[in-house]
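Participant: Pasting a structure below so you can have a look.
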Amino acid sequence: MTDRSTRLLLLASVFVIATCGLVYELVAGTLASYLLGDSVLQFSTVIGVYLSAMGVGSWLSGFVSRGEARLFVRVQFLVGVVGGSSSALLFVLFAHAASFRVLLYGLILVVGILVGLEIPLLLRILKDRLEFKDLVARVFTFDYIGALLASLLFPLVLVPHLGLVRSSFLFGILNVAVGLLTLRVLGDGGRWSASMRVVGLVLLALLGGGFAASGRILAWSEQSTFSDPVIFARSSPYQRIVLTRAAGDLRLHLNGNLQFSSRDEYRYHEALVHPGLARFPRAREVLVLGGGDGLAVREILRHDNVRHVVLVDLDPEMTRLFRSQELLVRLNGGSLDSPRVTVVNADAFSWIEGATNRFDFAVVDFPDPSNYSLGKLYTTAFYERLGRVLAPGAAFVVQSTSPLVARRAFWCVDETLRASGFVTEPYHVYVPSFGEWGYVLASREPVPFRFHLPPGLRFLDPETTAGLFRFPPDMDRVPTEPNRLNNQSLVRYFEEDWAKVATTP
Amino acid sequence: MNPRRRTFLKAGAVAVAGFGAFPFVPRTRARIAGGMAGPDAGLGHRFRDGGFPEPSATESTNVLVVGGGIAGLATGRELDRLGRRDWKLLELENELGGNASSGRNAVSEFPWGAHYVPLPGPEAPEVTTLFEELGVIVGRDPRGLPVYREEYLCHDPQERLFVDGRWQEGIVPHFGIGARERLRIEAFLARMGELRSARGNDGKPLFAVPADRSSRDPAWLALDREGFVSPELRWYVDYCCRDDFGAASDRVAAWAGLHYFAARRGSAANAPGHAVVTWPAGNGWIAGRLRGGAGERCVPRTAAFRVTETDGGAEVWAWHAGAARTVRHRARHVVLAVPQFVAARMLGPDGAAGGRASGVYSPWMVANVTLRSMPPGRGAPPAWDNVLRESRSLGYVMATHQSLDAVPRATVLTYYQPLDEGLPAESRRVASGRGWESWRDQILADLGPSHPGIADLVERIDVRVWGHGMICPVPGWLWDGRRGALAKPRGRVHFAHSDLGGMSLFEEACVQGVRAARDVVARWEGKIDA
Ligand SMILES: Cc1cc2nc3c(=O)[nH]c(=O)nc-3n(C[C@H](O)[C@H](O)[C@H](O)COP(=O)(O)OP(=O)(O)OC[C@H]3O[C@@H](n4cnc5c(N)ncnc54)[C@H](O)[C@@H]3O)c2cc1C
């Protein structure tokens, strides 16, 4: 290779290095703002740390007395690996690292120092091939243009089209490629060069793999938040649905909250449905709100008197999943495809407003009132509307969180139902994966205390059922404010009660 | 290290920090749709400069109402209640409602101005009656307290304040302020609580809504400013005055400042006394219901520009923009439900007599910001009213807050800013010269700190400037006798507008409208002499 083309290649690598260097910096800043918020602060501190790390890098280069070319190749490989995988790493570790900031700034420091080493090393490699005046002028020009290119590429092309994870892998690949090129141009053809070439190629393959698998990286990052292997994960417009499975135990998580474990869900669902429905041997029309998993419907269908079940669940993705996934269909007995069942995907509040049906029994199985939007589904306004779609003498049951952990929240649901003009019968059950769990049965008039339980139940018999309605002193009624749209008392009780558990180990 | 590289990176850091979220904000901004909404400026100019032709047609009606804001619509409704259905209402704009008008897009309805009404107290039975008829009040509990329709009561959480980098619940400052500040605020609020139940020497409440039903006890009418020294308290009082009057506390009469705190005596069976009713469309919901009852009798896009008394009635000349012609409307009675400075112009040469054109009106800017999803923010979750401590704006009201959907997604924020940096005339002039881009940039910059990355979520920003948004109760306007005189009919021409009540409030507009309708009918039946 001629000296001229060697020079050109080396100058070209200045350009690539400069681009990569700025891209890593921008990636770190953007990611920090994504994950930590407050972008101005994040960008300023990231840039500050990065700049000083680069300073440290160039200062360190002063201690290198020989073998610049070899070191330069090593640095390229290192920058490629660390910088290239930085955003994937940060994404994956965000949920777990006890101190995410230490990790973030650690990575920035490492990359900054390495990038700071690059240019001084290159200057020294080139100094024998160029006049000093030319050298400085050209290197700085390429450096400048590279940085400019990065600052344009990043917002206009990389982020919108590739995304952060893929972009950093791409630039990692470029760094490694520069390393390999340098090896080719300056290498001595000896054993060292040969083995470094292999290292470089392996790194290229790894980074290429990372680039290709970027799509799945976010899924992996989720995997680690669950203790069991994730077998299904999908984001619907409404929620993140994740299924895990270990040793025959299938679990459903919505937005990270456990919905059921296949080991003991029968306890939860039998208790949800039968203590109420078994007292209406002539019930024909039944409504289920929430419960897109079809497990409550499975229990309802055990009652031969029930002719028709309407299930209203917000999320079509949920009902589709529980109709098509084999394991899940086995669990709910194909209930959602029963000819006696109509599935409606709609928002419960507005659906009820327009409903013309009259139901003999209703099951209200919404997620816990952990935010103000969900809290609305537990208000007097909601129960009054629900009352309008019930036949005379009908009843409904409401899943009401844990009377042991969230005692005030549980009794608040009861109080709200009473304030809406219903007679209530609170009860509770023990579900191992959940703990002590509560329900409230509500009706306009008292319902006879006689249970016509269907055959085939695993948990309930008449005696157990009757026992569910007794509350020991530590879960007994406490005075609460009814939950209304304009006070959302339930969400406040719920948050405070659960916060107490979260802080006591 | 390469010095140039260093400068470059530094410059980059500054540029990035300056742009806020990311270095690609300009592209984001270019993507945001929207524009200036609002009244037809051409019509307004012609109204001012007298550029309308002579009438080419004549129509008659018993009562002609001019102005389709709450006052005008309430006039029509009360006439119906009194069995006088032969009336017509002319409104300048395409939409009815005036300051209580609203808009809608695929995401939500949203207010263009007024957005809530506090629970009416015992001094405003007209409002209570209206609320009963509209189904806002659905019944009474055994104690006789009104039961409000729960959906219409402002849902919880009602308010939050962005201060010191995070949102706190409620807008009375309580984070990061000293114990002394807190005590001062508490003492102030306690004092206001006392004033709320206090009565003057005539047995009437010191402060009432409508203001005319307050005590005339001279000791209180002469009230001047009480010295409040705490800066946090000062901010809070300023916020409240700007919220209700569009001007800070140093520009409004002390009586009006206290009125904000001490006049609300509403009660409900199912809500605390300080609750408010609101809808996604704001008071546009009420305007819509009133309009629905009026039907075809409302004539939009019509600028009335001249009112004269005639034998046995009055005549109004109005330019009908749709038909592009001027119509002479003959009526036995005319109700001018427009601001007094507008009425003064319609009345011709002596229209400004008695100070009719002397009111001070605060200009406002209202923007509806449509977002792809709820904006992220630190601290307390989104509330109905979201106030920014360090801002010239009042923050925003979330139009979707009253929606009952379980999972909030896209949303519309109604952003409010009283334009009170200069005197009203000056601010009005500056505002009318500002383009949409300038408002857009200001709004995004203002919301940036409380909602990092919000620009990426914004789909459109629609801006409306209200040149004469609210009557401002500057010292004197309330109690120097001008208002009372101006509210009196001139022959067959009656007046009804919230500015005559003294303050720009729904209740004032409603009571003014009801009063005018009753006056008209009383005149008609000869109970009042000409
Ligand atoms: C930004 C803003 C926010 C507000 N928020 C609240 C709030 O939350 N709560 C509250 O109680 N109050 C609020 N207000 C006060 C509001 O002004 C009153 O509540 C009420 O809506 C006033 O009604 P009005 O009928 O008296 O006047 P306007 O609404 O001013 O009605 C006058 C009508 O006359 C029409 N008109 C004018 N000239 C002519 C003409 N030549 N020919 C025909 N028609 C004409 C106008 O177009 C308008 O429709 C707010 C006001 C503003 C500006």
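The values are calculated or read from the model by the stated rules, or taken from the named source; none is laboratory data. Not measured: the values here are computed from a predicted model. All Cβ positions, glycine included, derive from the backbone under ideal geometry; neighbour counts span all protein chains shown. Areas reflect the complete protein model, heavy atoms only, side chains present, ligands, DNA and RNA absent. Shrake-Rupley method; radii C 1.70, N 1.55, O 1.52, S 1.80 Å.
Participant: Give me the percent of accessible area attributable to carbon and sulfur for the stretch A:3-214, probe 1.4 angstrom. If you can, show how the numbers build up before the last one.
Facilitator: Values: 6110 of 8940 Å².
Here carbon and sulfur together make up 68 percent of the probe-accessible area.
Participant: On to the next question. Where in chain A is the longest stretch that carries no trypsin sites (Lys or Arg not before Pro) classed as loop by DSSP and with at most 10 other Cβ atoms within 10 Å? Please report the intermediate quantities before stating the final value.
Facilitator: On the way: sites that count: A:ARG66, A:ARG282, A:ARG450, A:ARG458, A:ARG470.
Here the longest run is A:67-281.
Participant: Roughly how many Å² is the accessible area per residue of the stretch A:3-214, as a whole number, for a 1.4 Å probe? Write out the running numbers ahead of the final one.
Facilitator: Details: 8940 Å² over 212 residues.
Per-residue value: 42 Å².
Participant: Efficiency by 1/(1 + (r/R0)^6): what FRET value for A:ASP337 and B:ASP164, r their Cβ-Cβ distance, R0 = 51 Å, to the nearest 0.05?
Facilitator: Working: r = 55 Å, r/R0 = 1.08.
In this case the efficiency is close to 0.40.
Participant: Which helices, counted as full DSSP H runs in chain A, have an axial Cα extent of no less than 24 Å and a Kyte-Doolittle average of 0.5 or above?
Facilitator: Details: long enough: A:3-36 (49 Å, 1.30); A:39-61 (32 Å, 1.20); A:68-94 (36 Å, 1.46); A:100-126 (40 Å, 2.19); A:132-153 (31 Å, 1.23); A:164-186 (33 Å, 1.73); A:191-212 (32 Å, 1.30).
Counting only whole DSSP H runs, the qualifying helices are A:3-36, A:39-61, A:68-94, A:100-126, A:132-153, A:164-186, A:191-212.
Participant: Please list, ordered by chain and number, the residues whose modelled amide H lies under 5 Å from the amide H of B:ARG490; skip anything fewer than 5 residues away on the same chain.
Facilitator: Excluding prolines and chain starts, which carry no amide H, there are no hits.
Participant: Only loop residues by DSSP count here, and only those with at most 14 other Cβ atoms within 10 Å; note down the trypsin sites (Lys or Arg not before Pro) in the stretch B:113-197 that meet that.
Facilitator: Values: sites: B:ARG140, B:ARG143, B:ARG149, B:ARG160, B:ARG166, B:ARG180, B:ARG182, B:ARG184, B:ARG191, B:ARG196; in loops: B:ARG143, B:ARG149.
Here the trypsin sites (Lys or Arg not before Pro) that fit, given the DSSP loop and packing criteria, are B:ARG143.
Participant: When only the heavy atoms of the protein chains count and the probe is 1.4 Å, how do A:SER261, B:SER373 rank by accessible area, highest first?
Facilitator: On the way: A:SER261 0, B:SER373 45 Å².
Per-residue accessible area, sorted high to low, gives B:SER373, A:SER261.
Participant: Something else about it: Based on the alpha-carbon gyration tensor of the stretch A:264-503 and its eigenvalue square roots a ≥ b ≥ c, which shape applies: rounded if a/c is under 1.5, prolate if not and a/b is larger than b/c, or oblate? Walk me through the numbers before you get to the answer.
Facilitator: Numbers: a/c = 1.32, a/b = 1.25, b/c = 1.06.
Taking the square roots of the gyration eigenvalues as a ≥ b ≥ c, the stretch A:264-503 is rounded.
Participant: Residue by residue, what Karplus-based ³J(HN,Hα) values in Hz, rounded to whole numbers, does the stretch B:242-254 have, using 6.51, -1.76 and 1.60 with θ = phi - 60° and x for Gly and Pro?
Facilitator: Once rounded to whole Hz, the list reads 5, 4, 8, 10, x, 8, 5, 5, 6, 9, 9, 5, 4.
Participant: I'd like to check one number: the per residue accessible area of chain B, probe 1.4 Å, reported in Å² as a whole number. Numbers along the way, then the final one.
Facilitator: Values: 20820 Å² over 530 residues.
In whole numbers, chain B has 39 Å² accessible per residue.
Participant: Just reorder B:ASP244, A:ASP134 by solvent-accessible area, largest first, 1.4 Å probe, all chains present. Mind showing how you got there, number by number?
Facilitator: Details: B:ASP244 15, A:ASP134 55 Å².
The ordering from most to least exposed comes out as A:ASP134, B:ASP244.
Participant: What does the average come to when, for each residue of peptide B:149-156, you count the partner chain Cβ atoms lying within 10 Å of its Cβ?
Facilitator: Numbers: counts 2, 9, 7, 3, 5, 2, 10, 13.
What the average comes to for B:149-156 is 6.
Participant: Find the relative contact order for chain B and round it to a whole percent, using C-alpha pairs within less than 8 Å whose residues are 6+ positions apart.
Facilitator: On the way: 1077 pairs, mean separation 128.8, N = 530.
Averaging sequence separation for qualifying contacts and normalising by length gives 24 percent for chain B.
Participant: How large is the dipole of chain B about the Cα centre if only Lys and Arg carry +1 and Asp and Glu carry -1, each at its Cβ, rounded to the nearest 20 debye? Please list the in-between numbers first.
Facilitator: Details: 66 positive and 59 negative charges, 192 e Å.
That gives chain B a dipole magnitude of about 920 debye.
Participant: Under a plain spin-label model, where a point goes 7 Å from the Cα along Cα-to-Cβ, how far apart in nm are A:ARG358 and A:GLU326?
Facilitator: It works out to 4.6 nm between the two label points.
Participant: Then there is this: B:ASP350 accessible area, nearest 10 Å², 1.4 Å probe?
Facilitator: 80
Participant: From Cα pairs below 8 angstrom and at least 6 apart in sequence, can you work out the relative contact order of the stretch A:3-214, rounded to a whole percent? If you can, show how the numbers build up before the last one.
Facilitator: Values: 262 pairs, mean separation 76.2, N = 212.
This gives 36 percent for the stretch A:3-214.
Participant: Show me, for the stretch B:458-468, the HN-Hα J-couplings you get by feeding each phi into the Karplus relation (A = 6.51, B = -1.76, C = 1.60, θ = phi - 60°), rounded to Hz, glycine and proline as x.
Facilitator: 6, 9, 8, 10, 10, 10, 9, 9, 9, x, 10
Participant: Taking H as built 1.01 Å from N, whose amide H comes closer than 5 Å to the amide H of B:VAL338, not counting residues under 5 places away?
Facilitator: Placed amide hydrogens put B:ALA496 under 5 Å from B:VAL338.
Participant: Suppose every Lys and Arg Cβ carries +1 and every Asp and Glu Cβ carries -1, with no other charges. What dipole size does the stretch A:3-214 come out with about its Cα centre, to the nearest 20 debye? Provide the component values of the computation, followed by the final result.
Facilitator: Numbers: 15 positive and 10 negative charges, 102 e Å.
With only Lys, Arg, Asp and Glu charged at Cβ, the dipole is about 500 debye.
Participant: Taking amide H positions as placed in the peptide plane 1.01 Å from N, state which residues far from B:TYR116 in sequence (5 or more) or on other chains have amide H under 5 Å from it.
Facilitator: B:ASN283
Participant: Output the antiparallel fraction of DSSP beta bridges having both residues in the protein assembly as shown, as a percent to the nearest 5. Let's see the in-between values first.
Facilitator: Values: 84 of 131 bridges.
Looking only at bridges with both residues in the protein assembly as shown, the antiparallel portion is about 65 percent.
Participant: Along Cα→Cβ, 7 Å out, is where each label goes; now give me the distance between the ones at A:ALA205 and B:ALA41 in nm to one decimal.
Facilitator: 6.8
Participant: How big a patch of accessible area, both sides summed and in Å² to the nearest 100, lies buried between B and A at a 1.4 Å probe?
Facilitator: Values: alone 22790 and 22810 Å², together 41770 Å².
Counting both chains, the buried surface is close to 3800 Å².
Participant: Run lengths n ≥ 4 of DSSP H only: what is the helix-derived mean residue ellipticity at 222 nm for chain A, with -39500 (n - 2.57) per run over all residues, to the nearest 500?
Facilitator: Values: 18 runs with 277 residues, N = 505.
Result for chain A, helices only: -18000 deg cm²/dmol.
Participant: So, one more: In whole Hz and in residue order, list the ³J(HN,Hα) couplings for the stretch B:266-278 that follow from phi through the Karplus curve 6.51 cos²θ - 1.76 cosθ + 1.60, θ = phi - 60°; x for Gly and Pro.
Facilitator: My calculation for the stretch B:266-278 gives x, 8, 8, 6, 10, 7, x, x, 8, 5, 10, 9, 7 Hz in order.
Participant: Nearest 500 deg cm²/dmol is fine: what mean residue ellipticity at 222 nm does chain B get from its DSSP H runs of n ≥ 4 alone, each adding -39,500 (n - 2.57), divided by its residue count?
Facilitator: Estimated from H runs of four or more residues: -9500 deg cm²/dmol.
Participant: Can I ask one more? If I model a spin label at B:ALA522 and B:SER373 as a point 7 Å from the Cα along the Cα→Cβ vector, what separation in nanometres do I get?
Facilitator: 5.9
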